[in-house]
Structure formats: structure tokens, C-alpha cells
Amino acid sequence: MATYERDLTSGSVVKQLIAFGIPVLLANLLQACYSVVDMLIVGQFIGGVGLTAVSIGGMVINIISSFCIGFCTGGQVVVAQFFGAGEHKSVKRAIGALFTICLALAIVLPCISIPLSGGILNIMNTPAEAFAATKQYVVVCLVCLIFTLGYHGISSVLRGMGDSKMPLVFIVISTVLNVIFDLIAVGAMQMGVMGAALATVIAQGIAFLFALIYLLRQKEVFTFSRENFRFDPQVFSMIIKVGIPIAAQQTFLNVSAMFASSIINSYGLTYSSASGIGIKIENFAFLPHIAMSAAVSTVVGQNIGAGKPERAAQATRAGVLINLLIGVITVVIVQAFAPQIVSLFDNEPEIVAAGVEFMRVTCFAYVIGGTAVAFNGLSTGVGDAWFTMATVVATHLLLRIVACSVIHFVLHLPLFWVYVSYAVTPALSVVLSIIYCALGKWKNRSLVAEHT
């Protein structure tokens, strides 16, 4: 079997989840380092205004890129199922369709988002003193969205075939360069927030270049031929069928977080900066959960394609238990070291105190939300992403926003209770997912069967 392939339809499920998940986790950690390194360096050289600009600007970019990555994940699921079924010609068609979708998104989304960026930042209650720098950061990142999409598209293809190691190699190179470029642009050249944005997109561009060169050398995987890019309505519809709800659910997750953030931002620059730090730490804390979910969805996808639903169920149970354990450990670490963690970003006593309160309350979402994310791996892997989206809409877009609104605008309770609602609302998603798994209808779902 070629090095880029990994058959996940036999052998120890737990070992395969861990072996696949660890490179995904490391890649996600390094990917998250982009904005965190920006915040650390900007915080040291510019201060609170720069910190707020990168935090809020990064949140806007995360919403847009997460929407795009949803389609990449859809492509990954389709590739995994075709690969598990041994239909290699269909794998190549799926890759061509995914790349076409990525190119279209990279052209259309910046054209839509850039003119709307100012209004979005106003909705988020971006502090006036940080508004211009925040918009600058957002525009630069949007113009270079093709780099983000290109890297994630190629990585999704490789992961669908069981290879989670090469995407890690690409992002290691990019992250190292991002740190170097940040120190040069923000530190030595004093380019401020613009320097941080340029450092990020240049590093992402290099990651995309390395990924593209690697793919071009693996001719048995995919070639840029007319045949592989020939329009196949069934394959396109399969990717879109999975990709749209995943893209939507990621957008809803970020919108709900953005709504909560807008409430916090209304309390001023101190709480805005503190919550920005806390959200960055939360993003890091969820990376192991997301990696395990990706592992579950790939194992489930290959096994559903191969006609092994019981093995898919075994992978889901193992993934849920692993994420529960990770969540508990992370909560203990945050409770013990919250002041030290916040101080890494900003030493101002007011920001540290506000950041500690945010983290010590919201960290319980690591356990609840982490469990929900593991369950999502099952519904995503079988191609039933609409269910996953429905749970996200119910939990985050409706319950969380309603809870935060009532607490803040109606009951006028302290900010502490907004944090509490932020932490506990993912419990609804867990309940819905348990019911979904117990009903067992997912065992009869297969994108490959629908294609044939």
C-alpha cells in the first residue's frame, strides 16, 4: 500500500484513532498558533489595541474559513467512503470536484465579505480605538483566502485516504515561517497589525505551495487532467450534500461565539481583550476534541463504505470516551493555571483578573462540548451532516444566543452568568446525539451506495 494510503477497515480501532488523530491534533495546534503567535507578538509590541484587533479580526476570518473548511470536510468524507469501497476512479473524481469547489469559494467569498467587513465589525461592538486595525487585518486575510482553501483542500484529500502525517509536515513548515515573519514584520519593521496579517498569509501561501508540489508528485493519487475534472453531478452533489451542513454548522458555532463576544465587548476594552485571550485558549483546548472527531469521521467513513457499520459504532464509542478524558484533564489544568496562562498574553492586572474569571467558568464546556464533537464524527462520517447541523443550530444558534440575550438584556445579570450559559448549552447537543446513535438508522446510510 502506498505511503499516502491507510486502510482503516481492519485492526485495532483505538490504535487507529490515536495514530490518525495525533498528527491531526499537531497540525491543528500549529494552525491555531498562527493567530496566537500574532496575538503574543502584537500584544508585546503594540499592546491592547493590537491584541483586540487580532482577536476580533481572527474571529471574523475564522467564521469565513470554517465555512470553507466545511466543504473540504465534505470532500474528505466522500473520498474516505469511495476509498473504503475500493472505487479509486471515483476517488479521483471526488478530488477534482473538491478542488473546483475550493477555487470557486476562494473567488466568490472575498468579493462578498470585504464590502461587508465594516458592518460585521460594528455588529461585534469592536472598540473604536481598534476598529481600523481590525478591518485592515480582516481584508488582508480575505484577499489571500485561496492559500487557506488550497492547503485544507489537499490535506482533506490525503486524510480521506488515511494519511494525516503529510498535512502535519506542511503546517510545521508554515508555522515556523509565520513566527519568523511575525518577528520581522511586527517587531523589527514595526508594521503593526498589517505586519501580523501579512506574516500569516505569506506563511499559509508557502504551506499551500508545499502541499501542491507534494500532490503533483503523487500521480497515482491524482493528476490535473480533464478526465478528473469532468463534471460529475452525482459526485458534486455528494460533496455539497455533506459540505453545506458542515459549513453551515461551523458558521453557526462561530456566530454564536461572536454574539456572546459582542455582549462581552460592550463592557469595554479590558473585557474584550480578556475574552479574546480566553477564546484563543478555548480554541486550543478544543483541538484534541476536533482531532478525535476527524479521526472518528474518517474511520466511520471508510467502514461505512466497506459495509462495516458495527466497526463504525465501535470507533464512535472509543472517540467519545477519549474526548471525555481529554476534557476532564484540560479543565483541571485551566483551573490550576488560569492566571499564568492569561499572563502570557498580557500582564495588566485588570485583564488578567477578567481573563481568569472567563476561563475558569467557560472551561467546563471542554468536557460537554468535547463529547458532542466526538458524536459529530459519526454523523459526519456516514454523510448525515444535516443531523449534525441541526444539533448545532438547536444548541448554539438558538439556545446559547437566547440564553445570553435573556441573561444580559432581560434579567441584567452579571457577566458571570453569560459565561455560565456559554459553558453549559452544549449539553443539548450531547443528548440529541445519544438519541441519534441509539436509533441506529445511520447504519443504513452510505454515500457510495447512493452513487451506485
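The values are calculated or read from the model by the stated rules, or taken from the named source; none is laboratory data. Just so you know, these numbers come straight off a predicted model, no measurement behind them. Cβ coordinates were reconstructed from backbone atoms using ideal geometry, including for glycine residues, and neighbour counts include every protein chain displayed. Note: areas computed on protein heavy atoms with side chains; ligands, DNA, RNA excluded. Shrake-Rupley method; radii C 1.70, N 1.55, O 1.52, S 1.80 Å.
Within segment 183-210, the set of residues being over 21 Å from the mean Cα position of the chain (by Cα) and either of a type in the set (Ser, Thr, Tyr) or crowded, with 24+ Cβ neighbours inside 10 Å (or both) comprises Val186, Val193, Gly195. Please find, within segment 1-27, the residue that is farthest from the chain's Cα centre (by Cα) out of those that are modelled with pLDDT under 80 and open to solvent by less than 50 Å² (accessible area, probe 1.4 Å). This residue is Ala2. Within segment 321-334, residues that are within 20 Å of Gly278 (Cα to Cα) reach no partner that is modelled with pLDDT of 95 or more and of a type in the set (Lys, Arg) with beta carbons closer than 9 Å at six or more positions or on different chains.
A quick yes/no check of all residues on (1) in contact with a strand residue (DSSP E or B) (Cβ under 8 Å, 6 or more places away or on another chain); (2) farther than 28 Å from Gly383 by Cβ; (3) modelled with pLDDT under 85:
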residue	(1), (2), (3)
Gly57	no, yes, no
Val78	no, no, no
Gly86	no, no, yes
Val108	no, no, no
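Which one is nearest to Asn122 (Cα to Cα), of the residues in segment 39-92 that are small (Gly, Ala, Ser) and outside any helix (DSSP H, G or I)? The selected residue is Gly47. So, Leu253, is that one open to solvent by 20 Å² or more (accessible area, probe 1.4 Å), of a type outside the set (S, T, N, Q), part of a helix (DSSP H, G or I) and closer than 20 Å to Arg400 by Cα or not? Taking the combined requirement at face value, the residue satisfies it. Scanning segment 203-227 for residues that are in a helix (DSSP H, G or I) and either in contact with a helix residue (DSSP H, G or I) (Cβ under 8 Å, 6 or more places away or on another chain) or among the charged types (D, E, K, R) (or both) turns up Ala203, Gln204, Gly205, Ile206, Ala207, Phe208, Phe210, Ala211, Leu212, Tyr214, Leu215, Arg217. Among the residues making up segment 335-362, a single one is at pLDDT below 90 and over 23 Å from Ile41 (Cβ atoms): Thr362. Counting only helices (runs of 4 or more DSSP H) that sit completely within segment 343-452, those holding 2 or more residues that are among the hydrophobic types (A, V, I, L, M, F, W, C), over 20 Å from the mean Cα position of the chain (by Cα) and more than 27 Å from Asp38 (Cα to Cα) correspond to 401-405, 415-424, 427-439, 447-451. Of all the criteria given as (1) closer than 23 Å to Gln204 by Cβ; (2) out of contact with any His (no Cβ under 8 Å at 6 or more places or on another chain); (3) not hydroxyl-bearing (Ser, Thr, Tyr), the one not satisfied by Ala128 is (1). Filter segment 355-402 down to the residues that are aliphatic (A, V, I, L, M), surrounded by fewer than 24 Cβ atoms within 10 Å (Cβ to Cβ) and within 23 Å of Thr330 (Cα to Cα) and list them by number. Answer for segment 355-402, where residues must be aliphatic (A, V, I, L, M), surrounded by fewer than 24 Cβ atoms within 10 Å (Cβ to Cβ) and within 23 Å of Thr330 (Cα to Cα): Val356, Val361, Ala365, Val367, Ile368.
One residue stands out among those in segment 100-118 that are touching a residue at least 40 places away in the same chain (Cβ under 8 Å) and of a type outside the set (A, V, I, L, M, F, W, C): the one that is farthest from Asn228 (Cα to Cα), which is Ser117. The set of residues in segment 145-165 being at pLDDT 90 or above and surrounded by fewer than 24 Cβ atoms within 10 Å (Cβ to Cβ) consists of Leu145, Ile146, Phe147, Gly150.
Hey, any hits in segment 435-445 for a residue that's in contact with a Gly (Cβ under 9 Å, 6 or more places away or on another chain) and surrounded by fewer than 21 Cβ atoms within 10 Å (Cβ to Cβ)? Looking for residues that are in contact with a Gly (Cβ under 9 Å, 6 or more places away or on another chain) and surrounded by fewer than 21 Cβ atoms within 10 Å (Cβ to Cβ), one finds at least one in segment 435-445, hence yes.
Exactly one residue out of His412, His396 is at positive phi and either of a type outside the set (D, E, K, R) or touching a residue at least 24 places away in the same chain (Cβ under 8 Å) (or both), and it is His412.
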